[in-house]
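One structure is given here, and the rest of the page talks about it.
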Amino acid sequence: MEFPYSPETLASITGGKLVSYGTRHAPVRDFLIDSRKLGNPSETIFVALRSNRNDGHKYIAELYEKGVRNFLVSDLPAHLTPEHSPFGAGAGGGVGIILVPDTLVALQAISAHHRSQFNGPVIGITGSNGKTIVKEWLFQLMSKDKNIIRSPKSYNSQIGVPLSVLKIEPYHELAIIEAGISEPGEMSRLEAIIHPTIGIFTNIGQAHNENFSGEEQKIREKLILFRTSDVLIYCKDHRNLSGTLTGSNEFQGIRTFTWGKDATSDLVILNIKKLANLTTILAQYGDSGQSISIPFTDDASIENAIHCWATLLVLGYGKDMIRERMALLAPIAMRLELKEGINRCSIINDSYNSDINSLGIAIGFLNQQNQHERKTVILSDILQSGKDKGELYAEIAGILAGAGIPRIIGIGEDISGQSDKFSGEKAFFRSTDDFLSHYPIAGFHDETILLKGARIFEFERISKLLEQKVHETVLEINLDALVHNLNHYRSKLAPGTKTMAMVKAFSYGSGSYEIANLLQFHNVDYLAVAYADEGVELRKAGIVLPIMVMNPEERSFDLLFRYDLDSEIYNMRGLHLLKDAIIANQKIIREDINIHIKLDTGMHRLGFAADELDELLAQLAGQPQIMIRSVFSHLAASENPEHDAFSRYQISQFGEMSEKIVGVAHQPVLRHILNSAGIIRFPEAQMEMVRLGIGLYGVGFDAIEQSRLHNVSTLKSIISQIKTVKKSDTVGYERKGTLTRDSVIGIVPIGYADGLSRRLSNGRGQLFVHGNPAPVIGLISMDTCAIDLTDIVNSPGGGKLNEGDEVIVFGDDYLLSRMATDLETIPYEILTGISRRVKRVYYHE
């Protein structure tokens, strides 16, 4: 297996033209698509991908400065001639630039070639749900026996799959790659890359239904992955899947291994018995009975575990070994979590998984965080890597150094034995106990700390010590969902249209610098806050994007100047205050003062009216230090078709009024009137910039738009106490909750001080336990509320509820928009009303 690659070989594989600078080309081990996630520059090739939102070619010179010497491009601008190269004379030892028509196609071709050189078995996994869990559990079950490479996290897309396959190295004995598609035609490209010898089709669900003519088409598209596989594993009880597979000539040649309750299955499931924290599954395989027990009771885990069971049988594992290892299956941490820590620290918790591929992902997330200049990685031994220890930890040291991580704390015998490979500030401990006994936890302060450890090192013990202690009600923020929503709206924009993201009011209750860091990382153009102190907080957290302050107060102009914040100006008084502040603060003003002019086009809230523009422009004419960065207005009812005529009137008025300002400005001026709903409903009015507000946070203006967005926020708590209360007794203050039957009552530590509206009292509201609604009983108090669990406990299969069980206030199954409808309010009010004492947990899948 050829590895690493030379640029000459990559040019040959892709049919590209190699443009060389210098005489010596660095070898290629790593393929980079995101300039912000550079790890090992000396052996990296940067693949300059183009999309509707960005162009990787813009970052070539920057990456050269950081040490990258190989590039895969689809455009070779004139300035890349030898005479005008940004790489300099001699190109620092040699630069290889491979010119191809399409860099994504070229990346996929390289990965397909790479796969063709691997002679070991490849397990390909697709399906609507469970792909990542099955992949990770198969790794748990077999990593003692084989050197396994698997897709990092959920790298299952047209880009993620080739990057995953390119991680296969000569010493690997088995590859496990997952594949996902969102529209027809995609799987054929992935099949050519993965070319699985063993296939697993987990199930079929509703995801991406809108892009397929029906479920049968979606199944057929996914089955393409397995058209050359030796064997396909699937559940025969999924009738649509089974029917499509057996009823189509296209797939008749695929050998199958089936499982299910169907008596004709290869692995016949006879009985599933759920206990408190354990499920026992009895089955018939051939002539023998078999059984496994797994430490899970939910249906999804049972299905995933049986897929793994079937795979082990296909690979020839004996029933005793299968039973032994299945009992040891551990939960999969599907996400990186960002939490507040002690002494003003931020904690990134990835303490259940430790391998070199996921380390790169975690460090990329660490480097998105700008709230602290200091960054620390606490890292355990990397297990089952298959590499020589010296080579492995030298590579890890290079990744940390390339990412600019100043401090490493290593925990484990292996990493401690390789301490000499690491530079900078470092400390090493033989075990987690050793670290906890000898390292001063209080010494962590004002820094971002990444916890990256294999499960056996029990890094959750470290996490508990470092996390700030707050009560058990939390607001979880799905950062991947927020990025999805951002990209959804960006896909609706014309090329060159800029985005301003609204992060006022604590980012609609979702957080401050945590959200701003993510938006900055994903290259939004502007942020908007309500007041100057919000902008100051972002600047102190390392946010360098332009920030517009929408409500500048008289006493805050000095903060705007000191922290380079732009001011919205919406009336003459505000302009005069700004002019006075400029005179009073000349000593701290280093640059021009940027302003954004708000126009009133009919909403009649804030803004200059049409008859005030002449005076405004006359006042600005004598102020060369004041620069107009943008002019904007607000649509009053962009989401409501009943008022479309008025919305179009506003857009027309804005066009006339803004043109008067733009016409006299001495620099380009951005115009923006569209909010989230306006982007979708009035695309002709995008102009130079749009503003993203509540849509960014997962709230659509109608059912269709809501279905295209991902839920960002989940408010959850626990059951702190369960009690049985007699019929006719009352629950809560003022005895408002009178019971009509003997009832099981749960007490939940969330109240109106946390942002749970008292309007949900007395059965008007409901919380969710195990996916089932539990009505609120009695009045919601300041710190707690009571819910009626009786129907859940008494329902068929309801099972036993326990103190400590999770309670959902709103989330995927009970959307914020639905809760707002039930409360006869708007999502803004609910989100912004969630108290600061509710801990925010940010996670990245």
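What the table shows:
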| quantity | calculated |
| --- | --- |
| The stretch 525-539 residues that are over 20 Å from I694 (Cβ atoms) and open to solvent by less than 10 Å² (accessible area, probe 1.4 Å), paired with ones that are among the hydroxyl-bearing types (S, T, Y) and not in a loop (DSSP other than H, G, I, E, B) (beta carbon under 9 Å, 6 or more apart) | A532/S556; A532/S567 |
| Any pair with Cβ under 7 angstrom, 6 or more apart, that starts in the stretch 323-339 at a residue that is over 30 Å from F365 (Cα atoms) and ends at one that is modelled with pLDDT of 95 or more and among the aromatic types (F, W, Y) | M326/W309 |
| Exclusive hit being farther than 30 Å from N640 by Cα, in contact with a helix residue (DSSP H, G or I) (Cβ under 8 Å, 6 or more places away or on another chain), of a type in the set (D, E, K, R) and open to solvent by 60 Å² or more (accessible area, probe 1.4 Å), set R759, R741 | R741 |
| Search result, residues across the stretch 767-798 that are under 19 Å from D812 (Cβ atoms) and over 34 Å from the mean Cα position of the chain (by Cα) | none |
| Total residues in the stretch 689-730, condition surrounded by 16 or more Cβ atoms within 10 Å (Cβ to Cβ) and touching a Lys or Arg at 6+ places or on another chain (Cβ under 6 Å) | 1 |
| All strands (runs of 3 or more DSSP E) inside the stretch 648-726 with 1 or more residues being among the hydrophobic types (A, V, I, L, M, F, W, C) and over 23 Å from L527 (Cβ atoms) | 713-718, 721-725 |
| Selection within the stretch 441-488 - among the polar types (S, T, N, Q) and within 16 Å of the chain's Cα centre (by Cα) | N478, N485, N487 |
| So Y752, is it open to solvent by 10 Å² or more (accessible area, probe 1.4 Å), over 30 Å from L366 (Cβ atoms) and assigned to a helix (DSSP H, G or I) | no |
| Condition broken by H84, with the remaining ones in (1) at pLDDT 95 or above; (2) of a type outside the set (D, E); (3) open to solvent by 40 Å² or more (accessible area, probe 1.4 Å) satisfied | (1) |
| Single residue of D298, D287, D320 found to be closer than 18 Å to L138 by Cα, open to solvent by 10 Å² or more (accessible area, probe 1.4 Å) and free of Cβ contacts under 8 Å to residues at least 12 places away in the same chain | D320 |
| Residue tally, condition over 16 Å from Q721 (Cα atoms) and in contact (Cβ under 8 Å) with a residue 40 or more places away in the chain, over the stretch 743-765 | 9 |
| H172 touching a residue at least 24 places away in the same chain (Cβ under 8 Å), of a type outside the set (D, E) and within 24 Å of L313 (Cα to Cα) | yes |
| Criterion violated by K492 - all others in (1) more than 26 Å from L613 (Cβ to Cβ); (2) open to solvent by less than 40 Å² (accessible area, probe 1.4 Å); (3) in contact with a helix residue (DSSP H, G or I) (Cβ under 6 Å, 6 or more places away or on another chain); (4) modelled with pLDDT of 90 or more satisfied | (2) |
| Matching residues in the stretch 466-487 - criterion: being in a helix (DSSP H, G or I), of a type outside the set (D, E, K, R) and touching a residue at least 60 places away in the same chain (Cβ under 8 Å) | L466, L479, A481, L482, H484, N485, L486, N487 |
| Residue, nearest to K319 (Cα to Cα), within the stretch 103-130, restricted to residues that are under 27 Å from the mean Cα position of the chain (by Cα) and open to solvent by 10 Å² or more (accessible area, probe 1.4 Å) | G130 |
| The stretch 10-30: number of residues that are open to solvent by 30 Å² or more (accessible area, probe 1.4 Å) and more than 13 Å from V73 (Cβ to Cβ) | 11 |
| Check on I133, open to solvent by less than 40 Å² (accessible area, probe 1.4 Å), outside any loop (DSSP other than H, G, I, E, B), in contact with a His (Cβ under 7 Å, 6 or more places away or on another chain) and modelled with pLDDT under 95 | no |
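The values are calculated or read from the model by the stated rules, or taken from the named source; none is laboratory data. Just so we're clear, the structure is a prediction, and the values are computed from it rather than from any experiment. Glycine gets a Cβ as well: all are built from the backbone with ideal geometry, and neighbour counts include every protein chain shown. Side chains are part of the model used for accessible areas, which takes the heavy atoms of the whole protein and leaves out ligands, DNA and RNA. Shrake-Rupley method; radii C 1.70, N 1.55, O 1.52, S 1.80 Å.
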